[in-house]
Amino acid sequence: MGKGFFNVPIAINEPVKSYAPGSPERKEVLEAYKTMFNSKIDVPLYINGQNITTGNTRTISPPHDHQHIVGTYHLAEQSHIDEAISTALEARKTWSLMPWEQRAGIFLKAAELVAGPYRAKINAATMIGQSKNIYQAEIDSACELVDFLRFNVQYMTDIYHEQPESTSDAWNRIEYRPLEGFTYAVSPFNFTAIAGNLPACMALMGNVVVWKPSDSQVYSAKVIMDIFEEAGVPPGVINVVFGDPVMISNTVLASPDFSGLHFTGSTFIFKELWKQIGNNIHNYKTYPRIVGETGGKDFIVAHKSANPKHVATAIARGAFEFQGQKCSAASRAYIPKSIWAEVKALVLEDVKSFKMGSPEDMSNFITAVIHEGSFDKLAKYIDQAKKDSEVEIIAGGGHDKSKGYFIEPTVIVTKDPKYTTMCTELFGPVITIYVYEDNAYAETLKLVDETSEYALTGAIISKDRYAITQATEALQNCAGNFYINDKPTGAVVGQQPFGGARASGTNDKAGSPQNLLRWVSPRMIKETFVTPLDYRYPFLGE
Ligand code: NAD
């Protein structure tokens, strides 16, 4: 061990392919889509490198065609969770000792498998299972996952290089130990890349993991596990369990060896898990690390100097791409009166041009929302808005779940800046707009700051540098990712580390060294070369 100071390949962002008509990638992904759509998979639990089938299964259906079945997945009993924990702890004995370059080799290989041989498959799985159009699938399940894997390897070596000063007679070294015990990854449905990254980055740093993916992301989770297996992640290092999230979390968090939670999902669930960890705190062998990236109520503020076309495009993309199911999606906008008529006309034109349907038809910009629960919730808010006198629906408002969970991209205009859809995270293709008096810019910025409990992303659009400065200052605590003259979505690993504060999370910035530092426990080693022989210091002399 330790026979060289190795350099890792310099991480570069995976280029996004175009999928334009006639391109080879378009042909390949459509072929994969057809084959996968017309066959059935059976997804087991993965414990200690074994495929475990329990016989207690649920079906997997595309949200855009919910009566069509593309597979089944197996649900865990409590005994499987116990086994996943004990197996992880057993695997830790060898995995935590594996030289870092071997761990790096595994995850760099996984990145290249995603970028190459598995690209069409993981994109098709994300299109089928999560109803992403091809562009949304490509930037997530192919490119962002590749970027997480590549950049994290580089960041790991950067962290390992962080060392204290030494003197000629004492050598000081810091070892970045994995956490003692096992870690728990709980991932959301909306990003295949996040699902892969939550367990992978902890394993990269030498930890062992129990991973619980979302029930609505099982198809692409299976592809991720196939890739990890092929890349050489040893048995027991990442164990995947599906099933009742309450039972799984109760079992995991009751273990004295639980040492870290890596969560991405909604705010309420994260707070519940945090509370449960607090209640169990006397049982743990170590203080668990808690990282959670959670909900958002992300904003666009336009200044009167803004180009209306910039504002409208930021709304069309920021609010509606992937049906608004991004934690960063713009869901409230503040537009000055003087440019509103123009912005409104442009937004309506854009929304009218959106096509909605299956992702297999690549002319569709919008597809279905993730499941019936989400559909019903969105339909309820939209139907209520139709009745409320202080708001007007100027685009969309329709919904239909007969074949798929389709919600029309909806634009609500409100006279009440604290109307429920200005404050509540709906997680769908709905944006609410408040039109403000041009001379009330400062008050509006205050309103943006005070309206929601979240602080994830936000954007200011303006040509006036003083207005930009004012917004940057006034909104400094309401977004962990703040955009100037851009939409508030689309963070790229290595370029815009992502995360928010307040109710939006612990802001440990996914895809950055800050995040990886949460999964290590440094050990300081001081080695003295000439060891003292006498306790007496010179000052004690006569
Ligand atoms: P969710 O909270 O419903 O589910 C997230 C995960 O928690 C899933 O694996 C789910 O099965 C699990 N879970 C659900 N109930 C649980 C319980 N009682 N105990 C333990 N685990 C439980 O979220 P979702 O619908 O999958 O994802 C959407 C949410 O995630 C939105 O709020 C969105 O803003 C947020 N999100 C945030 C970020 C970010 O970086 N801040 C990124 C993606 C998604």
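The values are calculated or read from the model by the stated rules, or taken from the named source; none is laboratory data. Everything numeric in this text was worked out from a predicted model, so none of it was measured. Cβ atoms come from the backbone with ideal geometry, glycine included; neighbour counts cover every protein chain shown. When the accessible area is computed, the model is the full protein with side chains, heavy atoms only, and any ligands, DNA or RNA have been set aside. Shrake-Rupley method; radii C 1.70, N 1.55, O 1.52, S 1.80 Å.
Residues in the range 328-386 that are of a type in the set (A, V, I, L, M) and within 23 Å of Y483 (Cβ to Cβ): 10 in all.
Do we find that N190 is open to solvent by less than 40 Å² (accessible area, probe 1.4 Å), in contact with a Cys (Cβ under 9 Å, 6 or more places away or on another chain) and within 30 Å of E372 (Cβ to Cβ) in this structure? The answer is yes for N190. Scanning the range 271-294 for residues that are more than 24 Å from L516 (Cβ to Cβ) and either near the ligand (Cβ under 8 Å from one of its atoms) or in the same structural domain as G428 (by TED's automatic domain parsing) (or both) returns a single hit, E272.
Within the range 212-270, if we keep just the residues that are among the polar types (S, T, N, Q) and either away from the ligand (no atom under 15 Å from the Cβ) or outside any helix (DSSP H, G or I) (or both), the residue that is surrounded by the most Cβ atoms within 10 Å (Cβ to Cβ) turns out to be N239. All conditions but one from (1) within 24 Å of F498 (Cα to Cα); (2) open to solvent by less than 10 Å² (accessible area, probe 1.4 Å) apply to L273; the one that does not is (2). For the range 484-505, what are the residues that are surrounded by fewer than 20 Cβ atoms within 10 Å (Cβ to Cβ), under 13 Å from the mean Cα position of the chain (by Cα) and either over 28 Å from P308 (Cβ atoms) or β-branched (V, I, T) (or both)? Scanning the range 484-505 gives a single hit, V492. So for the range 396-408 (the condition being within 16 Å of the ligand (Cβ to nearest atom), surrounded by 20 or more Cβ atoms within 10 Å (Cβ to Cβ) and closer than 25 Å to A345 by Cβ), does at least one residue qualify? Scanning the range 396-408 turns up at least one residue that is within 16 Å of the ligand (Cβ to nearest atom), surrounded by 20 or more Cβ atoms within 10 Å (Cβ to Cβ) and closer than 25 Å to A345 by Cβ.
For the range 81-88, indicate whether the set of residues that are assigned by TED's automatic domain parsing to the domain that holds D257 and either touching a helix residue (DSSP H, G or I) at 6+ places or on another chain (Cβ under 6 Å) or closer than 18 Å to V492 by Cα (or both) is non-empty. Yes: one or more hits. There is at least one residue in the range 38-52 that is closer than 23 Å to V241 by Cβ, within 27 Å of the chain's Cα centre (by Cα), of a type in the set (S, T, Y) and crowded, with 18+ Cβ neighbours inside 10 Å. The residue pairs whose first member lies in the range 96-117 and is over 18 Å from T192 (Cβ atoms) and in contact (Cβ under 8 Å) with a residue 12 or more places away in the chain, whose second member is in a loop (DSSP other than H, G, I, E, B) and of a type in the set (A, V, I, L, M, F, W, C), and whose beta carbons are closer than 6 Å, counting only pairs six or more residues apart or on different chains, are P99/M1; E101/F6; A104/V8; I106/V233. Selection of first residues in the range 501-517 that are on the phi > 0 side of the Ramachandran plot and of second residues that are polar (S, T, N, Q) and within 10 Å of the ligand (Cβ to nearest atom), restricted to Cβ pairs under 6 Å at least 6 apart or on distinct chains, gives the following pairs, ordered by first then second residue: G505/T294.
Would you call I431 within 29 Å of T472 (Cα to Cα), touching an Asp or Glu at 6+ places or on another chain (Cβ under 9 Å), at pLDDT 95 or above and assigned to a strand (DSSP E or B)? Against the criterion (within 29 Å of T472 (Cα to Cα), touching an Asp or Glu at 6+ places or on another chain (Cβ under 9 Å), at pLDDT 95 or above and assigned to a strand (DSSP E or B)), I431 does not qualify. Elements of the type helices (runs of 4 or more DSSP H) sitting completely within the range 126-211 and holding at least 3 residues that are within 20 Å of the chain's Cα centre (by Cα) and within 16 Å of the ligand (Cβ to nearest atom): these cover 145-161, 192-204.
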